[in-house]
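Student: Take this structure first; my questions come after.
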Ligand SMILES: [Zn+2]
């Protein structure tokens with residue numbers, strides 16, 4: 001059996017996924033059971049507060065918790081090019097946005113808000129070949145104004161092995177926002193939130209550029225204090 005056959009099978013498996021990205025069972029894309037488990041998300045609102053208080057506070061709404069299924073789905077979408085998984089992740093992001101806007105009287109309609117994704121590190125973007133959060137966002141709210149207004153001002157260490165305080169130190173001043181966001185009301189968007197340190201740094205950078213962050217949304221929330229490899 002030639003190696004090209006294996007290569008071809010691998011290519012076909014990527015184009016026409018045969019295993020559920022959530023649980024691994026033989027299926028196409030994401031199986032019915034995994035879809036059903038994510039169909040009625042119960043968004044959770046909380047208030048992120050910077051430990052040094054200088055960064056201010058930020059309202060965060062997440063659509064769901066971060067269990068093994070969600071870990072596998074996000075990993076398949078981000079790291080293994082499984083674009084088909086966006087179909088089950090996008091509605092979760094949409095739900096979180098709706099809950100953020102509904103839960104805050106006085107918050108403008110989604111159409112008048114600027115959605116600003118938290119940027120991936122340059123290394124992650126180079127490895128994946130694309131920036132996954134803006135892609136997911138475009139699918140979740142196709143007509144919403146999405147502006148990739150944040151970039152890294154300097155290199156940061158990999159966050160996965162760091163505790164809460166270390167993450168904040170690692171990220172302090174790491175992001176910078178484009179001046180065009182001045183005066184705009186923005187919602188920050190990420191896929192997974194662990195300590196919230198990245199979102200707080202993003203909010204600080206936006207405020208420094210004259211923008212008004214009204215809140216943040218994400219697909220999944222890792223329970224506090226838990227540090228798991230390969231997450232922000
Ligand atoms: Zn499944």
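The values are calculated or read from the model by the stated rules, or taken from the named source; none is laboratory data. These numbers come from a predicted model, not from an experiment. Because the Cβ atoms are built from the backbone with ideal geometry, glycine has one as well, and the counts that use them run over all protein chains shown.
Student: Within the range 23-80, which residues are part of a helix (DSSP H, G or I), within 13 Å of the ligand (Cβ to nearest atom) and touching a strand residue (DSSP E or B) at 6+ places or on another chain (Cβ under 8 Å)?
Tutor: 38, 70
Student: Return the residues of the range 51-68 that are over 14 Å from residue 221 (Cβ atoms) and surrounded by fewer than 19 Cβ atoms within 10 Å (Cβ to Cβ); say none if nothing qualifies. Explain how you work it out, then say what you get.
Tutor: Going residue by residue through the range 51-68, those that are over 14 Å from residue 221 (Cβ atoms) are 51-57, 68.
Hits for the range 51-68 are 51, 52, 53, 54, 56, 57, 68.
Student: Being without any contact (Cβ under 8 Å) to a residue 40 or more places away in the chain and in a strand (DSSP E or B) is true for just one of 151, 143. Which residue is that? Full working, then the answer.
Tutor: Values: 143 fails: in a strand (DSSP E or B).
Selected residue: 151, the only one of 151, 143 that is without any contact (Cβ under 8 Å) to a residue 40 or more places away in the chain and in a strand (DSSP E or B).
Student: Residue under question is residue 232, and the condition is that it be at pLDDT 95 or above and either surrounded by fewer than 23 Cβ atoms within 10 Å (Cβ to Cβ) or under 16 Å from residue 120 (Cβ atoms) (or both); does it hold?
Tutor: Working: at pLDDT 95 or above: no; either surrounded by fewer than 23 Cβ atoms within 10 Å (Cβ to Cβ) or under 16 Å from residue 120 (Cβ atoms) (or both): yes.
So residue 232 does not fit the description; no.
Student: Within 17 Å of residue 59 (Cβ to Cβ), out of contact with any strand residue (DSSP E or B) (no Cβ under 7 Å at 6 or more places or on another chain) and in a loop (DSSP other than H, G, I, E, B) - does that describe any residue in the range 183-196?
Tutor: So far as the range 183-196 goes, yes, one or more of its residues are within 17 Å of residue 59 (Cβ to Cβ), out of contact with any strand residue (DSSP E or B) (no Cβ under 7 Å at 6 or more places or on another chain) and in a loop (DSSP other than H, G, I, E, B).
Student: Still on this structure: May I ask you to verify whether residue 175 is within 15 Å of the chain's Cα centre (by Cα), at pLDDT 90 or above and buried (at least 19 other Cβ atoms within 10 Å of the Cβ)? Before you say what the answer is, go through the steps one by one.
Tutor: Working: within 15 Å of the chain's Cα centre (by Cα): no; at pLDDT 90 or above: yes; buried (at least 19 other Cβ atoms within 10 Å of the Cβ): yes.
Here the answer is no, as residue 175 does not meet what is asked.
Student: Another question, if that's okay. Consider residue 93 carefully, then state whether it is touching a strand residue (DSSP E or B) at 6+ places or on another chain (Cβ under 6 Å) and either at pLDDT 90 or above or within 12 Å of the ligand (Cβ to nearest atom) (or both).
Tutor: On the way: touching a strand residue (DSSP E or B) at 6+ places or on another chain (Cβ under 6 Å): yes; either at pLDDT 90 or above or within 12 Å of the ligand (Cβ to nearest atom) (or both): yes.
Criteria met by residue 93.
Student: Let me ask something else about it. Among the residues of the range 81-90, write down those that are within 16 Å of the ligand (Cβ to nearest atom) and part of a helix (DSSP H, G or I). Full working, then the answer.
Tutor: Looking only at the range 81-90, we keep the residues that are within 16 Å of the ligand (Cβ to nearest atom), and these are 82, 84-89.
Passing the criteria: 84, 85, 86, 87, 88, 89.
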